[in-house]
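Participant: I have a structure I would like to understand better, so I am pasting it below and will then ask my questions one at a time.
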Amino acid sequence: MTTPTAFTYQALPMRVVMGIDALDRLADEIDQAGLERVMVLCSLGRRELAEAVAARLGSRAVALHPHARMHVPAESAAEAQRRAKEVNADGCVAVGGGSAIGLGKVVALKYGLPVIAVPTTYSGSEMTPVWGLTEDGVKRTGRDPRALPVSVLYDPALTLALPTAVSVTSGMNAIAHAVEALYAPDASPVIDLMAEEGVRALAAALPDVVADGTDLDARARAQYGAWLCGACLGSTTMSLHHKLCHSLGGTLDLPHAPTHTVVLPHALAYNQEAAPKAVTALGRALGTSADPATHLWDLAGRLGAPRSLRELGMAESDIDRIVKVTLANPYANPREVTAEGLGRLLHAAWSGRPPAS
Ligand code: NAD
């Protein structure tokens, strides 16, 4: 065994209920959290599921608010906060992906109401104290312990309806959290283990999900990976990849998970030489002696995922703007981020060329 390097690790108070039929435990989790009047939140597309969830809760569910939207627009946040006050809710149950959970977080911030999350995608917001709010086209994010859900129920049956194309990009979004956790400035041995296992689980499960979206075992393995990757996101500081995706999403309104999928191999290729330990861990997780960035680019191709920003609707002429926005505020990254390097990275990602350092 090698001597561990120095580190600081702050465990987050996360409670996770995972497994087939985990949803059956929701009422118990609500009781355990001491809640009696919850508001159920979802996006419009998850309304039917959220209604079924509310029906299970009987009088514990005092309202259903099916208006969650991507990136939590300020007016949508204000509307949910108003509704929570109106029905005198003492907590929220967020059913869905990062949009529903993000809405729960801003209600928690305003009134201190605990959130219980029932995730149906792999994006990982349920494992983080990170909140986001979009006002006048600018997305602000921050960390607050009140935004971390008090309990998370992972039931793979709830992901069966997630279209396979969305499952792939959502899974790649999760893998990106683990990749950047492995070279984070606040990395630690505990998070390294979770990151490697999370990548291993997801990279193995996603091809099975694509082969058969109703394969409950594959869905459960993907969700297990998503939990681990989400926990990595919640415990570390993200670098170039996440900053770049934030710029692309915030400035050009590109779709969240597909953008992560396209950018990840390129951002990793940029950092690989400066992050040898992460490369070794990813090689083990992906079962490859090739470089992990190329492996992930190949994997995305095999799974039918988008591999160019052009196909997501970005114009080549936007590259310079994104370089400027991404360089506007400094952040930690294993390799120095230069305008020239970023421009090359974005040109490759825009045109769909294989990643290069
Ligand atoms: P999402 O929540 O926006 O969901 C995408 C779409 O898929 C929605 O229309 C939703 O109704 C639908 N959907 C969700 N689950 C489904 C299912 N099981 N079957 C069928 N359809 C389903 O997508 P997302 O990628 O999970 O979340 C993206 C948002 O979350 C972004 O705003 C992003 O910034 C945020 N996010 C935040 C964090 C954080 O830590 N704060 C982490 C990850 C993502």
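The values are calculated or read from the model by the stated rules, or taken from the named source; none is laboratory data. This structure is a prediction, so every number in the text was calculated from the model and none was measured. Note that each Cβ is placed from the backbone with ideal geometry, even for glycine, and that neighbours are counted across all protein chains shown.
Participant: From (1) within 14 Å of the ligand (Cβ to nearest atom); (2) surrounded by fewer than 24 Cβ atoms within 10 Å (Cβ to Cβ), pick out the condition that doesn't hold for D90.
Facilitator: (1)
Participant: Further question: Is there any pair with a first residue in segment 27-55 that is modelled with pLDDT under 95 and a second that is within 14 Å of the ligand (Cβ to nearest atom) and assigned to a helix (DSSP H, G or I) whose Cβ atoms are under 6 Å apart and which are 6 or more apart or on different chains, and what are they?
Facilitator: none
Participant: Yes or no: segment 333-346 includes at least one residue that is basic (K, R) and under 19 Å from T294 (Cα atoms).
Facilitator: Kept after step one, since they are basic (K, R), are these residues of segment 333-346: 335, 344.
From what is left, the residues that are under 19 Å from T294 (Cα atoms) are 335, 344.
Yes, segment 333-346 has at least one match.
Participant: Checking P265 against (1) away from the ligand (no atom under 12 Å from the Cβ); (2) at pLDDT 95 or above; (3) surrounded by fewer than 24 Cβ atoms within 10 Å (Cβ to Cβ), which single condition isn't satisfied?
Facilitator: (3)
Participant: Residue under question is A74, and the condition is that it be more than 8 Å from the ligand (Cβ to nearest atom), without any contact (Cβ under 8 Å) to a residue 60 or more places away in the chain and touching an Asp or Glu at 6+ places or on another chain (Cβ under 9 Å); does it hold?
Facilitator: Here the answer is no, as A74 does not meet what is asked.
Participant: Every residue in segment 307-346 that is more than 18 Å from T251 (Cα to Cα) and either of a type in the set (S, T, N, Q) or outside the structural domain of T237 (by TED's automatic domain parsing) (or both), please.
Facilitator: Once the filter is applied, which keeps residues that are more than 18 Å from T251 (Cα to Cα) and either of a type in the set (S, T, N, Q) or outside the structural domain of T237 (by TED's automatic domain parsing) (or both), segment 307-346 yields N333, T338.
Participant: Quick one: in segment 122-151, which of the residues that are more than 11 Å from the ligand (Cβ to nearest atom), assigned to a strand (DSSP E or B) and surrounded by fewer than 22 Cβ atoms within 10 Å (Cβ to Cβ) is modelled with the lowest pLDDT?
Facilitator: V138
Participant: If you go through segment 157-191, how many residues are within 16 Å of G230 (Cβ to Cβ) and among the acidic types (D, E)?
Facilitator: So the count comes out to 1.
Participant: If A339 meets every condition in (1) surrounded by 16 or more Cβ atoms within 10 Å (Cβ to Cβ); (2) free of Cβ contacts under 8 Å to residues at least 24 places away in the same chain apart from one, which number is that one?
Facilitator: Against the list (1) surrounded by 16 or more Cβ atoms within 10 Å (Cβ to Cβ); (2) free of Cβ contacts under 8 Å to residues at least 24 places away in the same chain, A339 comes up short only on (1).
Participant: Residue by residue through segment 96-121, note down the ones that are more than 8 Å from the ligand (Cβ to nearest atom), free of Cβ contacts under 8 Å to residues at least 60 places away in the same chain and farther than 14 Å from L35 by Cβ.
Facilitator: The answer is V106, L109, K110.
Participant: Additional query: Select, from D155, D186, D208, the only residue that is surrounded by fewer than 24 Cβ atoms within 10 Å (Cβ to Cβ), outside the structural domain of A328 (by TED's automatic domain parsing) and either touching a residue at least 12 places away in the same chain (Cβ under 8 Å) or β-branched (V, I, T) (or both). Spell out the reasoning first.
Facilitator: Values: D186 fails: outside the structural domain of A328 (by TED's automatic domain parsing); D208 fails: outside the structural domain of A328 (by TED's automatic domain parsing).
The conditions single out D155.
Participant: For S317, all conditions in the list (1) of a type in the set (S, T, N, Q); (2) free of Cβ contacts under 8 Å to residues at least 24 places away in the same chain; (3) under 23 Å from S170 (Cβ atoms) hold save one; what is the number of the exception?
Facilitator: Exception for S317: condition (3).
Participant: If you don't mind, another one. Looking at G250, G234 in this structure, which one is within 16 Å of the ligand (Cβ to nearest atom), in contact with a Ser or Thr (Cβ under 8 Å, 6 or more places away or on another chain) and modelled with pLDDT under 95?
Facilitator: On the way: G234 fails: modelled with pLDDT under 95.
Criteria check complete, one pass: G250.
Participant: Within segment 170-181, does at least one residue satisfy the condition of being among the β-branched types (V, I, T), within 14 Å of the ligand (Cβ to nearest atom) and outside any helix (DSSP H, G or I)?
Facilitator: No, segment 170-181 contains no residue that is among the β-branched types (V, I, T), within 14 Å of the ligand (Cβ to nearest atom) and outside any helix (DSSP H, G or I).
Participant: Inside segment 51-63, can you point out the residues that are away from the ligand (no atom under 14 Å from the Cβ), under 20 Å from L158 (Cβ atoms) and aliphatic (A, V, I, L, M)?
Facilitator: Once the filter is applied, which keeps residues that are away from the ligand (no atom under 14 Å from the Cβ), under 20 Å from L158 (Cβ atoms) and aliphatic (A, V, I, L, M), segment 51-63 yields A54, A55, L57, A61.
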